[in-house]
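Engineer: Take this structure, written in structure tokens, and hold onto it; I'll ask about it next.
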């Protein structure tokens with residue numbers, strides 16, 4: 001097995017992050033500093049900062065319907081975190097992507113580094129779907145700008161696909177393949193709108209379906 005894959009599966013990190021650890025000389029094979037491209041064999045002892053890594057006995061994918069008010073972190077700095085909603089045995093799982101404290105919906109957690117990489121790396125173009133409610137009606141001009149041209153933000157062009165959810169112009173379905181920090185909120189804010197609610201319903205092949213808010217389920221791959 002390629003070493004970066006072994007690191008990813010044993011830590012829950014992406015293979016890109018695994019390569020970063022290798023480039024920082026933090027990984028050793030049998031007490032010898034490893035390099036990018038090395039192979040991990042069955043009887044090798046792999047360490048990160050001199051701590052032994054081992055492959056998880058079982059790879060787990062957990063889907064949570066995150067409520068508003070919970071942070072996607074281990075240290076909420078005074079706020080509740082998603083780990084308050086999960087049994088202790090799942091606290092080693094790492095979130096795939098983020099939802100901000102004021103957003104709700106589908107959040108995936110896993111110890112499968114390959115899956116995390118495939119769902120978040122831009123080259124795979126995984127589509128995410130959100131339901132949003134705006135503070136006022138979206139004008140036809142702004143609808144056209146967002147849908148057809150994109151909106152320039154400080155970190156680049158934001159491209160979203162908008163589908164009207166109801167007869168009013170406040171409720172929309174948003175589809176996107178990117179995942180920059182608060183991208184949807186910042187896109188609408190730049191045009192003078194505030195998002196009242198933002199709820200994610202799909203992430204790649206995963207669908208929230210009827211999972212109740214605050215509940216989770218273990219997904220079989």
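Engineer: Out of the residues in region 54-91 that are part of a helix (DSSP H, G or I) and free of Cβ contacts under 8 Å to residues at least 24 places away in the same chain, which is nearest to the chain's Cα centre (by Cα)?
Structural biologist: 83
Engineer: Please state which of the following conditions residue 16 fails to meet, knowing it meets all the rest: (1) surrounded by fewer than 16 Cβ atoms within 10 Å (Cβ to Cβ); (2) modelled with pLDDT of 95 or more; (3) assigned to a helix (DSSP H, G or I).
Structural biologist: Single failed check for residue 16: (2).
Engineer: Which condition number in (1) touching a residue at least 24 places away in the same chain (Cβ under 8 Å); (2) over 20 Å from residue 8 (Cα atoms); (3) surrounded by fewer than 15 Cβ atoms within 10 Å (Cβ to Cβ) is the one that residue 140 fails?
Structural biologist: In the conditions (1) touching a residue at least 24 places away in the same chain (Cβ under 8 Å); (2) over 20 Å from residue 8 (Cα atoms); (3) surrounded by fewer than 15 Cβ atoms within 10 Å (Cβ to Cβ), residue 140 misses (1) alone.
Engineer: Could I ask something else about it? Could you tell me whether region 124-133 includes any residue that is over 19 Å from the mean Cα position of the chain (by Cα), modelled with pLDDT of 95 or more and part of a strand (DSSP E or B)?
Structural biologist: Yes, there is a match, as at least one residue in region 124-133 is over 19 Å from the mean Cα position of the chain (by Cα), modelled with pLDDT of 95 or more and part of a strand (DSSP E or B).
Engineer: Across region 36-53, which residue is farthest from residue 102 (Cα to Cα) among those that are touching a strand residue (DSSP E or B) at 6+ places or on another chain (Cβ under 7 Å), in a loop (DSSP other than H, G, I, E, B) and without any contact (Cβ under 8 Å) to a residue 24 or more places away in the chain?
Structural biologist: Top of the filtered list is 44.
Engineer: For region 191-208, how many residues meet the condition of being under 18 Å from the mean Cα position of the chain (by Cα) and part of a loop (DSSP other than H, G, I, E, B)?
Structural biologist: Residues meeting the conditions: 3.
Engineer: Now, a different point. Residue check: is residue 104 over 14 Å from residue 59 (Cβ atoms) and surrounded by 16 or more Cβ atoms within 10 Å (Cβ to Cβ)?
Structural biologist: yes
Engineer: Sticking with this one: Suppose we keep only residues that are modelled with pLDDT of 95 or more, touching a strand residue (DSSP E or B) at 6+ places or on another chain (Cβ under 9 Å) and not in a helix (DSSP H, G or I) within region 138-159. Which one would you say is nearest to residue 171 (Cα to Cα)?
Structural biologist: This residue is 138.
The values are calculated or read from the model by the stated rules, or taken from the named source; none is laboratory data. Everything quoted here is computed from the prediction, not taken from an experiment. Neighbour counts run over all protein chains shown; Cβ positions are idealised from the backbone, glycine included.
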